Amino acid sequence: MVTIFIRYQLVYVSVRAAECKDTEIEKILESCIRNNAKIDVTGVLLYSDKKFIQCLEGDYAQIISLYDKIKEDKRHKNVILISLGSIKERSFPSWQMGSKKISIEDLEFKTNMSINEKAEFKDILNGENQKGGKAIDLIKKFF
Ligand SMILES: Cc1cc2nc3c(=O)[nH]c(=O)nc-3n(C[C@H](O)[C@H](O)[C@H](O)COP(=O)(O)O)c2cc1C
(Lines give C-alpha, C1' and ligand atoms only; values in the text may rest on other atoms or scores of the structure.)
Protein backbone atom coordinates (compact mmCIF):
# COMPACT_ATOMS: atom_id res chain seq x y z
CA MET A 1 0.00 0.00 0.00
CA VAL A 2 1.26 3.47 -0.83
CA THR A 3 0.46 6.18 1.67
CA ILE A 4 0.34 9.67 0.23
CA PHE A 5 0.77 12.53 2.64
CA ILE A 6 -1.03 15.61 1.43
CA ARG A 7 0.21 18.76 3.05
CA TYR A 8 -1.96 21.74 3.70
CA GLN A 9 -1.30 25.41 4.11
CA LEU A 10 -3.38 27.80 6.18
CA VAL A 11 -3.01 31.58 6.28
CA TYR A 12 -4.86 33.94 8.61
CA VAL A 13 -4.66 37.54 9.72
CA SER A 14 -5.59 38.93 13.12
CA VAL A 15 -5.47 42.06 15.22
CA ARG A 16 -2.82 42.16 17.92
CA ALA A 17 -4.36 42.83 21.33
CA ALA A 18 -3.18 45.95 23.16
CA GLU A 19 -2.07 43.71 26.06
CA CYS A 20 0.20 41.74 23.73
CA LYS A 21 3.53 43.37 24.48
CA ASP A 22 6.75 42.32 22.75
CA THR A 23 7.57 40.03 25.69
CA GLU A 24 4.36 38.10 24.83
CA ILE A 25 5.58 37.72 21.23
CA GLU A 26 8.70 36.05 22.62
CA LYS A 27 6.48 33.66 24.60
CA ILE A 28 4.41 32.87 21.48
CA LEU A 29 7.57 32.05 19.55
CA GLU A 30 8.78 29.85 22.41
CA SER A 31 5.46 27.96 22.21
CA CYS A 32 5.96 27.55 18.45
CA ILE A 33 9.43 26.08 18.97
CA ARG A 34 8.15 23.83 21.78
CA ASN A 35 5.09 22.53 19.95
CA ASN A 36 5.33 22.82 16.18
CA ALA A 37 8.26 20.46 15.61
CA LYS A 38 6.41 17.68 17.47
CA ILE A 39 3.49 17.91 15.04
CA ASP A 40 5.67 18.61 11.98
CA VAL A 41 4.13 22.03 11.43
CA THR A 42 6.30 24.77 9.88
CA GLY A 43 5.52 28.31 8.85
CA VAL A 44 6.04 31.96 9.49
CA LEU A 45 4.58 34.65 11.69
CA LEU A 46 4.77 38.32 10.71
CA TYR A 47 3.71 40.86 13.28
CA SER A 48 3.44 44.63 13.45
CA ASP A 49 2.37 46.81 16.37
CA LYS A 50 -1.23 46.17 15.32
CA LYS A 51 -1.48 42.98 13.24
CA PHE A 52 -0.46 39.35 12.83
CA ILE A 53 -0.30 37.31 9.66
CA GLN A 54 0.63 33.66 10.07
CA CYS A 55 1.15 30.80 7.64
CA LEU A 56 0.91 27.25 9.01
CA GLU A 57 1.97 24.26 6.88
CA GLY A 58 1.65 20.57 7.64
CA ASP A 59 -0.82 17.74 8.05
CA TYR A 60 -4.46 18.86 7.68
CA ALA A 61 -5.68 17.68 11.10
CA GLN A 62 -2.64 19.15 12.84
CA ILE A 63 -2.92 22.63 11.32
CA ILE A 64 -6.69 22.75 11.91
CA SER A 65 -6.39 21.79 15.57
CA LEU A 66 -3.49 24.23 16.04
CA TYR A 67 -5.50 26.99 14.32
CA ASP A 68 -8.48 26.24 16.60
CA LYS A 69 -6.18 26.65 19.62
CA ILE A 70 -4.52 29.83 18.28
CA LYS A 71 -7.94 31.42 17.53
CA GLU A 72 -8.80 31.25 21.24
CA ASP A 73 -5.63 33.07 22.28
CA LYS A 74 -6.44 36.39 23.97
CA ARG A 75 -3.26 38.00 22.65
CA HIS A 76 -5.10 38.65 19.38
CA LYS A 77 -8.66 39.06 18.07
CA ASN A 78 -10.67 39.33 14.82
CA VAL A 79 -8.97 36.25 13.37
CA ILE A 80 -9.79 36.01 9.64
CA LEU A 81 -8.93 32.97 7.54
CA ILE A 82 -7.27 34.10 4.30
CA SER A 83 -6.70 30.72 2.70
CA LEU A 84 -6.68 26.99 3.34
CA GLY A 85 -5.67 24.47 0.71
CA SER A 86 -3.45 21.56 -0.22
CA ILE A 87 0.10 22.25 -1.36
CA LYS A 88 2.64 20.21 -3.30
CA GLU A 89 5.49 21.51 -1.19
CA ARG A 90 5.93 23.80 1.78
CA SER A 91 6.68 27.46 1.10
CA PHE A 92 8.54 27.73 4.42
CA PRO A 93 10.09 24.31 5.10
CA SER A 94 13.00 25.50 7.22
CA TRP A 95 11.19 27.22 10.06
CA GLN A 96 9.30 25.81 13.01
CA MET A 97 8.00 29.36 12.95
CA GLY A 98 10.05 32.00 11.17
CA SER A 99 9.19 35.43 12.46
CA LYS A 100 9.72 39.05 11.54
CA LYS A 101 8.48 42.29 12.96
CA ILE A 102 7.06 44.41 10.17
CA SER A 103 6.12 48.03 9.93
CA ILE A 104 3.63 49.10 7.30
CA GLU A 105 5.36 52.47 6.99
CA ASP A 106 8.71 51.10 5.84
CA LEU A 107 7.61 48.17 3.67
CA GLU A 108 9.47 49.52 0.65
CA PHE A 109 12.77 49.56 2.54
CA LYS A 110 12.44 46.03 3.87
CA THR A 111 11.02 44.30 0.78
CA ASN A 112 10.99 44.88 -2.94
CA MET A 113 7.23 45.37 -3.01
CA SER A 114 5.82 47.60 -5.71
CA ILE A 115 3.31 50.29 -4.79
CA ASN A 116 0.49 48.01 -5.97
CA GLU A 117 1.78 45.06 -3.95
CA LYS A 118 2.13 47.24 -0.91
CA ALA A 119 -1.53 48.28 -1.27
CA GLU A 120 -2.51 44.63 -1.75
CA PHE A 121 -0.54 43.59 1.33
CA LYS A 122 -2.29 46.26 3.40
CA ASP A 123 -5.67 44.97 2.19
CA ILE A 124 -4.63 41.41 3.08
CA LEU A 125 -3.60 42.51 6.58
CA ASN A 126 -6.96 44.22 6.95
CA GLY A 127 -8.73 41.01 5.93
CA GLU A 128 -10.13 42.76 2.87
CA ASN A 129 -8.27 40.71 0.28
CA GLN A 130 -8.44 36.95 0.64
CA LYS A 131 -6.20 35.88 -2.22
CA GLY A 132 -4.14 33.25 -0.43
CA GLY A 133 -1.60 32.71 -3.21
CA LYS A 134 -0.81 36.40 -3.37
CA ALA A 135 -0.51 36.56 0.42
CA ILE A 136 2.16 33.83 0.34
CA ASP A 137 4.10 35.59 -2.45
CA LEU A 138 4.11 38.79 -0.43
CA ILE A 139 5.02 37.08 2.87
CA LYS A 140 8.00 35.44 1.09
CA LYS A 141 9.41 38.88 0.31
CA PHE A 142 10.22 39.32 4.01
CA PHE A 143 12.51 36.27 4.16
C1 LIG B 1 -0.63 35.13 16.66
C2 LIG B 1 -0.37 33.86 17.43
C3 LIG B 1 0.26 32.79 16.80
C4 LIG B 1 0.51 31.60 17.49
N5 LIG B 1 1.12 30.55 16.86
C6 LIG B 1 1.36 29.41 17.53
C7 LIG B 1 1.97 28.29 16.87
O8 LIG B 1 2.28 28.29 15.69
N9 LIG B 1 2.21 27.18 17.63
C10 LIG B 1 1.89 27.10 18.94
O11 LIG B 1 2.12 26.06 19.56
N12 LIG B 1 1.29 28.13 19.58
C13 LIG B 1 1.04 29.28 18.90
N14 LIG B 1 0.44 30.33 19.56
C15 LIG B 1 0.20 30.21 21.01
C16 LIG B 1 -1.02 29.39 21.31
O17 LIG B 1 -2.19 30.19 21.20
C18 LIG B 1 -0.94 28.81 22.75
O19 LIG B 1 -0.75 29.85 23.67
C20 LIG B 1 0.23 27.86 22.88
O21 LIG B 1 0.23 26.91 21.84
C22 LIG B 1 0.19 27.14 24.23
O23 LIG B 1 1.22 26.22 24.22
P24 LIG B 1 2.15 25.95 25.49
O25 LIG B 1 1.21 25.45 26.51
O26 LIG B 1 3.17 24.95 25.06
O27 LIG B 1 2.79 27.30 25.80
C28 LIG B 1 0.14 31.51 18.86
C29 LIG B 1 -0.51 32.59 19.47
C30 LIG B 1 -0.75 33.75 18.77
C31 LIG B 1 -1.45 34.90 19.46
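The values are calculated or read from the model by the stated rules, or taken from the named source; none is laboratory data. As the structure is a prediction and not an experimental result, all values here were calculated from the model. Every residue, glycine as well, gets a Cβ built from its backbone with ideal geometry; the counts of neighbours run over all protein chains shown.
Return a yes/no flag: does region 66-88 have any residue that is within 8 Å of the ligand (Cβ to nearest atom), of a type in the set (Ser, Thr, Tyr) and within 13 Å of the chain's Cα centre (by Cα).
So far as region 66-88 goes, no, none of its residues is within 8 Å of the ligand (Cβ to nearest atom), of a type in the set (Ser, Thr, Tyr) and within 13 Å of the chain's Cα centre (by Cα).
Counting only residues that are surrounded by fewer than 16 Cβ atoms within 10 Å (Cβ to Cβ) and modelled with pLDDT under 90, which one in region 94-104 is nearest to the ligand (Cβ to nearest atom)?
By that ranking, first place goes to Ser94.
Could you list, in sequence order, the residues of region 49-79 that are touching a residue at least 60 places away in the same chain (Cβ under 8 Å) and surrounded by fewer than 16 Cβ atoms within 10 Å (Cβ to Cβ)? Steps first, please.
Taking region 49-79 first, the residues touching a residue at least 60 places away in the same chain (Cβ under 8 Å) are 51, 53, 55, 76-79.
Scanning region 49-79 gives Lys77, Asn78.
Here are some residues: Ser114, Ser48, Ser99, Ser83. Which one is touching a Ser or Thr at 6+ places or on another chain (Cβ under 8 Å) and polar (S, T, N, Q)?
Numbers: Ser114 fails: touching a Ser or Thr at 6+ places or on another chain (Cβ under 8 Å); Ser99 fails: touching a Ser or Thr at 6+ places or on another chain (Cβ under 8 Å); Ser83 fails: touching a Ser or Thr at 6+ places or on another chain (Cβ under 8 Å).
That would be Ser48, the only listed residue that is touching a Ser or Thr at 6+ places or on another chain (Cβ under 8 Å) and polar (S, T, N, Q).
Grab the helices (runs of 4 or more DSSP H) fully contained in region 41-143, keeping just those with 1 or more residues being closer than 17 Å to Leu10 by Cβ and among the β-branched types (Val, Ile, Thr).
Hits in region 41-143: 60-71, 115-125, 132-140.
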